[in-house]
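Enquirer: Can you keep this structure in mind? I'll have questions shortly.
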Amino acid sequence: MRKVLILAGALAVAGLATAAYAQRDPAYAAARASGQVGEQPDGYLGIVGAATAELRALVGNINIQRKAAYTQKAAASGATVEQLAFTSGCNLIAQTSAGEKYKSPDGVWKTRTAASPERDSRCA
């Protein structure tokens, strides 16, 4: 139980870091709103379709920051980076808004509707 609570706390911090980054970067917000990027089950941001060099750089930078946060929290919690990333992916997909993109468990990009998104059966 303690490990689950630590993991949940670590994910909240990682999610806040991503949210703060999104508020600072209008390019990220625009790419998300236009469906050029979406959340993936592995906890990382993905590019939907073709991408410019600028979009690839933006997504790469965000994913580097996410991996750093997952790595730091994994070291502190005793969980693996992959466990933290997966749990974060579950939460980030759940937090998408209608119209935003996410990758379903079968690897297909979907657009979020008012209904709950399709998530991996291991998501809590």
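Enquirer: Once the piece of chain linking ALA33 and THR113 is laid out straight, how much longer is it, given 0.36 nm per residue of separation minus the C-alpha distance between them?
Expert: Contour length minus the Cα-Cα distance gives 27.5 nm.
Enquirer: State the percentage of accessible surface on the stretch 45-124 attributable to carbon and sulfur atoms; use a 1.4 Å probe and exclude ligands, DNA and RNA.
Expert: That fraction is 53 percent.
Enquirer: Could you do me a favour and compute the accessible area per residue for the stretch 27-101, 1.4 Å probe, result in Å²?
Expert: 45
Enquirer: What residue among LEU58, ALA85, TYR102 has its Cα farthest toward the positive end of the dipole of the stretch 26-124, where the charges are +1 on Lys, Arg and -1 on Asp, Glu, each on the Cβ?
Expert: LEU58
Enquirer: For GLY43, list long-range residues whose amide hydrogen, built 1.01 Å from N in the peptide plane, is under 5 Å from its own amide hydrogen.
Expert: Here GLY89 satisfy the definition.
Enquirer: Run the numbers for THR71 and ALA124: contour at 0.36 nm per residue of separation, minus the present Cα-Cα distance, in nm.
Expert: Full-extension gain reported as 16.9 nm.
Enquirer: Between ALA57 and SER97, what FRET efficiency follows from the Cβ-Cβ distance if R0 is 25 Å, with the result rounded to 0.05?
Expert: Working: r = 24 Å, r/R0 = 0.98.
With a Förster radius of 25 Å, E is 0.55.
Enquirer: Let me ask something else about it. What is the gain in length, in nm to one decimal, between THR80 and ILE64 on full extension, counting 0.36 nm per residue of separation less the C-alpha to C-alpha distance? Kindly include the intermediate steps, with their values, before the conclusion.
Expert: Numbers: separation 16, 0.36 × 16 = 5.76 nm, distance 1.65 nm.
Result: 4.1 nm gained on full extension.
Enquirer: Short version: ³J(HN,Hα) in whole Hz for each residue of the stretch 82-95, in order, from phi by Karplus 6.51 cos²θ - 1.76 cosθ + 1.60 (θ = phi - 60°), x for Gly and Pro, what are they?
Expert: 5, 4, 5, 5, 4, 5, 5, x, 4, 5, 5, 5, 4, 8
The values are calculated or read from the model by the stated rules, or taken from the named source; none is laboratory data. If you're wondering where the values come from, they're calculated on a predicted model, not measured in any experiment. All Cβ positions, glycine included, derive from the backbone under ideal geometry; neighbour counts span all protein chains shown. These accessible areas exclude ligands, DNA and RNA; they are computed on the full protein's heavy atoms, side chains included. Shrake-Rupley method; radii C 1.70, N 1.55, O 1.52, S 1.80 Å.
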